[in-house]
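What follows is a single structure, written as structure tokens, with notes after it.
What follows is calculated from the coordinates using simple rules that are stated; it is not laboratory data. Model, not experiment: these values are computed from the prediction.
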Amino acid sequence: MSNHPVQVVAVTGGKGGVGKTNVSINLSLALAEMGRRVALLDADLGLANIDVLLGLSTKNNLADVLDGNASLDEIMLKGPGGIRIIPASSGTQSMASLSQQQHAGLIHAFSDIGEQIDVLIIDTAAGISDTVVSFVRAAQEVLVVVCDEPTSITDAYALIKLLNRDYDMFRFRVLANMTRNVQEGQKLFNKLTTVTDRFLDVTLQYVGQIPFDESVRKAVQKQKAVYQMSPRSKASVAFRALAQKVDVWPIPSSPRGHLEFFVERLVQPVHEPEQ
């Protein structure tokens, strides 16, 4: 078996309405355009919406995987641009409150598709529930999405604080979304670092901004991704630039000692010795 590593990025933010799902979808498409095999996990287990945003119909979802009625491979949808989408269920209370064991089972299930993908993008739910924390901790990179609303900064800070204080996570990437100009994105990042530098032992890295763009709203109304519907729009150009940065983030070469996606790929040597 070849043992190519899989890059795992959790897109999160604490607050709802900051555009995490749009970022997840369009980043996935931009990476796929670069030749990466991308899977996009809808990790809002109780209020899934990626399939709706892209106008896809789902037959089975993660609830069926947990019940043992389907494999991960069987529930994957073919999305635009060749990306593969792993749908969750909507309006299912039990999915929104999984046990630790169920989270672990779900994360382990992804090992079955490791050979088929290069990148896994995780679109987390809003808030700081156990589910959000589980998925974020199991990823290699955490992309925190913020926008110009006071609650966006306070909620992003609350999420970073929880992950740092309770789970020893100390490195986070920050993306400003729906900005009016370049300066606004930098200003948002500075606001966040002002509080994290003062109270937490964390490193934040600013990865840029996605400008406010009317094309995004039009694409959402048509149940399309802006990256496909308006590839030359300001937002699409910014998503392309973001994907180029994400693509060169280093992939860890050893496990970190807790539950992670594709951990078995970090344990074995990449080059098998010759027989």
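Can you tell which of 171, 265, 198 shows the greatest fluctuation in a Gaussian network model of the chain with Cα springs below 10 Å?
Looking only at 171, 265, 198, the biggest GNM fluctuation is shown by 198.
In terms of Cα to Cα distance under 13 Å, which aspartates and glutamates are near enough to residue 234, apart from those fewer than 8 places away along the same chain?
213, 214
Which of the lysines could be linked to residue 78 by a straight reach, that is with a Cα gap under 24 Å, when you skip same-chain ones fewer than 8 residues away?
Result set, ordered by chain and number: 20, 59, 218, 222, 224.
What shape does the chain take by its C-alpha gyration tensor, where a ≥ b ≥ c are the square roots of the eigenvalues and a/c under 1.5 counts as rounded, a/b above b/c as prolate, and the rest as oblate?
Here the chain falls in the rounded category.
Could you give me the percent of Cα pairs per 10 Å distance bin for the range 137-275, shortest bin first, beginning at zero and ending with the bin that holds the maximum distance?
So the P(r) values, bin by bin, are 11, 32, 31, 20, 5, 1.
So between residue 158 and residue 37, what do we pick up on full extension, going 0.36 nm a residue minus the alpha carbon distance?
Full extension from residue 158 to residue 37 adds 40.3 nm.
Considering only 207, 145, 182, give the residue with the highest GNM mean-square fluctuation for the chain, with springs between Cα atoms whenever their separation is below 10 Å.
Between 207, 145, 182, it is 182 that shows the largest mean-square fluctuation.
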